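Following: one structure in structure tokens, then a few remarks.
The values are calculated or read from the model by the stated rules, or taken from the named source; none is laboratory data. Everything numeric in this text was worked out from a predicted model, so none of it was measured. Here the Cβ positions follow ideal geometry from the backbone for every residue, glycine too, while neighbour counts run over all protein chains shown. With ligands, DNA and RNA removed, areas are computed over all heavy atoms of the protein, side chains included. Shrake-Rupley method; radii C 1.70, N 1.55, O 1.52, S 1.80 Å.
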Amino acid sequence: MRVTADLVQSHRVQDVELAVGATGMDLLEHLGLAPDAHILVRGDLPIPVDEPLADGERLIVLSAVSGGA
């Protein structure tokens with residue numbers, strides 16, 4: 001199946017080919033991104049990384065930033 005990842009921080013969009021039944025974790029691994037430092041958004045709602053993905057869908061990938069003084 002094919003999903004589209006909109007990587008906001010890097011200003012790029014990438015089509016990714018994944019196995020049927022792939023999850024958000026599979027997508028992040030394919031993109032080489034740490035699951036504890038990224039949030040997947042479907043529509044207007046964040047989804048858990050163990051959420052199954054659907055063929056043809058578009059997900060927003062946000063980097064979770066923390067810190068400060």
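Among the residues here, LEU62 does not qualify as open to solvent by less than 80 Å² (accessible area, probe 1.4 Å) and not in a strand (DSSP E or B).
ASP55 fulfils the conditions (1) touching a residue at least 24 places away in the same chain (Cβ under 8 Å); (2) of a type outside the set (Phe, Trp, Tyr); (3) surrounded by 11 or more Cβ atoms within 10 Å (Cβ to Cβ) except for a single criterion, (3). Name the residues in region 30-69 that are farther than 17 Å from LEU18 by Cα and β-branched (Val, Ile, Thr), would you? Result: ILE39, VAL41, ILE47, VAL65. Residue count for region 37-46 under the criterion of being assigned to a strand (DSSP E or B) and open to solvent by 50 Å² or more (accessible area, probe 1.4 Å): the result is 4.
Once region 6-36 is narrowed to residues that are in contact with a helix residue (DSSP H, G or I) (Cβ under 9 Å, 6 or more places away or on another chain) and within 18 Å of ALA64 (Cβ to Cβ), the residue that is surrounded by the fewest Cβ atoms within 10 Å (Cβ to Cβ) is ALA34.
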